[in-house]
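This report refers to the structure that appears directly beneath it.
The values are calculated or read from the model by the stated rules, or taken from the named source; none is laboratory data. Given the structure is predicted, the values throughout are model-derived calculations rather than measurements. Positions of Cβ are generated from backbone atoms using ideal geometry, with glycine treated the same way; all protein chains shown enter the neighbour counts.
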Amino acid sequence: MGSIINMQRKHAIVIGGGIAGLCAALELARFDIDVDLVEKGPALGGHARSLTCKATDRCVKCGACLVEERLQAVVENPNIKVHLGSEIMEVQDSGGFSVVISNEGKSTCSCEADAVIIASGFSLFRPDGKPYGYKRFANVLTNLDLERMIRMQGSVKRPSDQREPEKIAFIQCVGSRDAKTGHLWCSRICCGAALRMSRLIRSRQPQVTISVFYIDIQSSGRDFQFFLDGLRNDVRLIRAIPADVFRTEDDRLSMSYFDPTSRQSKDEIFDMIILSVGLCPGDDLKGLCSLFGMKLSDSGFVTVSDKTEYPEKHGVFAAGTVLGPMGIAESIASAGKAVWEAIRYLKI
Amino acid sequence: MTKPDEIMDLSQIDHGVFRSFPFLQDHCITCGICSSSCPVSGIDGFDPRKLVRLISLGMKDEAVDSRWPWICTMCGKCQYVCPMDIHIPDLVRAVRSMRERDKVPGILHKGLEAAIRTGNNLGLPKEDFIFILEDVGEEIAEEPGFEGFTVPIDKDGANILTTIHNKLVNTHTEDLKHWWKIFYAAGEDWTVPSDQWEGTNWGLFTGDDQAMKTMVGRIADHMDRLKVKNLLWPE
């Protein structure tokens, strides 16, 4: 589809420069809509920019590469103005939206918009309160910490001494499916991410053994059963969530779990423990939604109307993980959907 | 009971059996963190996840007749880590309460029965109890700085009433001395009842609410009778 002539130039604000916001901005720009893309961080790309490609001998469709080409396209697009280090300060209903954007608290600018797409993303669950010693033991990391490490240095090394680990454990569902933290949802991406990551590590560092502690594995993708069957020779899958982690005198990690096969409690030694932490509503989502007069669901994500994917506020649309946990490909699709709704709303 | 590996007749399962239990057992997502955290998992095939599932499936006879609820120490760590906040120790207690009293494991059953009948788990006669207290009191009085120490038994109008754990007048008499020395040093006005002094309340462990009420009632009666304002109940 080529660009469609937009007789009365319309103006939109996209909040959030992660994968959903980038895609929404690009789609809007294709309809000759002027876009102000407001990102609170110092760079575009969001969480997805930290993720590492998980291809082994072939692409495993993890989606990590999808962010970079869109990032480039946004920067080069004349219809998109990028505001980094910026936040929405004020919103006034003027038929459309009169919005004040603050740049690092130093300067402000105003703009008028006909539609707004909220794509401010998610926050990762902070696992400090779980009994796994996160932040207390250097070799207990989150899945995102591990992604960043492999993206930066290409292999896994223990943060405490930069040595290659012999044994790694993944713990799934940390802060997901958890009524005590108010996070009853499945975060949907962590099973696939942990298993792809396991295979990536095994292909690059074959001496490393990997155990994945899980409740039940969420399937992802059409080839999932084939993928999982192939993985069983490579990775130990244990159906139990462990309880305690202690540091041993020689700086390894002792973890207790109930082994469902032997039906015994075990204390097993690992070199690194990776916590697959859940996706939670963004820290600033509540404030943002109250600025735009939108409702949040009980879970803290954006509520959508029964009939469509957009929130029940005229001219405001939501894309990506503000709607709930989703992966990169789904976020891209969600951005497309939000733009489609916006286009219809703007009668373009 | 049915061994876990025996094939069960699924048509016999009735999920409604424990519907009145308010412990959220049906919220279990079988993650197993309770079993991973439990200090007695693996003993005689017990682990909390399995017990919660038995209850959730309504397998009443299997749960009530099993040793499993009695292996639990009710320490509560499972509930602390449970992501669904299932009240596992309360659930264990409720299952214990469903067992015929004569089939409650020996030491708990006999101890509680003795407490209800005699006022303490040991069935220790009043004269023997007073003799032990006074004997320990005399030992304290021989220590420098504690001259003239005596044990104020059944003292009217004292500021603090304290109860006694049966093991303190049985195998651990030395441990009586710590509190008493603190009372002495603090110039505290305290007392201890001469009978029905038992501080433990094993109805907690056997799931016997009536017994618990009786034991608590006795302490309340002491407070009224001796006109004591404060209770120190170290159990």
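Quick rundown of the values:
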item	result
Members of the range A:239-255 found to be within 23 Å of B:M84 (Cβ to Cβ), assigned to a strand (DSSP E or B) and touching a Ser or Thr at 6+ places or on another chain (Cβ under 6 Å), listed by number	A:D244
A:S219 without any contact (Cβ under 8 Å) to a residue 60 or more places away in the chain and under 19 Å from the mean Cα position of the chain (by Cα)	yes
Counted residues, the range A:258-280 - those being under 21 Å from A:A193 (Cβ atoms), within 11 Å of chain B (Cβ to nearest Cβ) and either of a type in the set (S, T, N, Q) or over 27 Å from the mean Cα position of the chain (by Cα) (or both)	0
Answer residue from the range A:225-257, given it is of a type in the set (G, A, S) and free of Cβ contacts under 8 Å to residues at least 40 places away in the same chain and is nearest to the other protein chains (Cβ to nearest Cβ) among those	A:A240
Qualifying residue in the range B:58-65 (condition: within 14 Å of another protein chain (Cβ to nearest Cβ) and closer than 23 Å to B:D9 by Cα)	no
Residue that is within 14 Å of chain A (Cβ to nearest Cβ), surrounded by fewer than 20 Cβ atoms within 10 Å (Cβ to Cβ) and among the hydrophobic types (A, V, I, L, M, F, W, C), where the choices are B:C75, B:C82	B:C75
Criterion: modelled with pLDDT of 90 or more and in contact with a helix residue (DSSP H, G or I) (Cβ under 7 Å, 6 or more places away or on another chain) - qualifying residue of A:A29, A:A20, A:A43	A:A20
Matching residues in the range A:132-149 - criterion: being assigned to a loop (DSSP other than H, G, I, E, B) and surrounded by fewer than 19 Cβ atoms within 10 Å (Cβ to Cβ)	A:K135, A:R136, A:A138
Residue check, A:P242 closer than 24 Å to B:I33 by Cβ and modelled with pLDDT of 95 or more	yes
Members of the range B:15-42 that are within 9 Å of chain A (Cβ to nearest Cβ), over 19 Å from A:V245 (Cβ atoms) and part of a helix (DSSP H, G or I)	B:H27
Close pairs (7 angstrom Cβ cut-off, 6 or more residues apart or separate chains): closer than 25 Å to B:S20 by Cβ in the range B:38-56, small (G, A, S) and outside any helix (DSSP H, G or I) anywhere	B:D47/B:S41; B:R49/B:G32
Of all residues making up the range A:161-197, the number that are hydroxyl-bearing (S, T, Y) and at pLDDT 95 or above	2
Selection within the range B:43-56 - touching a Ser or Thr at 6+ places or on another chain (Cβ under 9 Å), surrounded by 17 or more Cβ atoms within 10 Å (Cβ to Cβ) and more than 10 Å from chain A (Cβ to nearest Cβ)	B:L51, B:V52, B:L54
Residue ranges of helices (runs of 4 or more DSSP H) in the range B:126-233 with at least 2 members of a type outside the set (G, A, S), touching a residue at least 40 places away in the same chain (Cβ under 8 Å) and within 30 Å of B:R99 (Cβ to Cβ)	B:203-206, B:209-226
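Condition check ((1) hydrophobic (A, V, I, L, M, F, W, C); (2) in a helix (DSSP H, G or I); (3) surrounded by fewer than 19 Cβ atoms within 10 Å (Cβ to Cβ)) across all residues:
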| site | (1), (2), (3) |
| --- | --- |
| A:G17 | no, no, no |
| A:A24 | yes, yes, no |
| A:L28 | yes, yes, no |
| A:D36 | no, no, no |
| A:P42 | no, no, yes |
| A:G45 | no, no, no |
| A:T56 | no, no, yes |
| A:E69 | no, yes, yes |
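Residues are listed down the side, and each one gets a yes or a no for (1) of a type in the set (V, I, T); (2) outside any strand (DSSP E or B); (3) not assigned by TED's automatic domain parsing to the domain that holds A:G46:
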position	(1), (2), (3)
A:V74	yes, yes, no
A:P78	no, yes, no
A:K81	no, no, no
A:M89	no, no, no
A:Q92	no, no, no
A:F97	no, no, no
A:V100	yes, no, no
A:G105	no, yes, no
A:S110	no, no, no
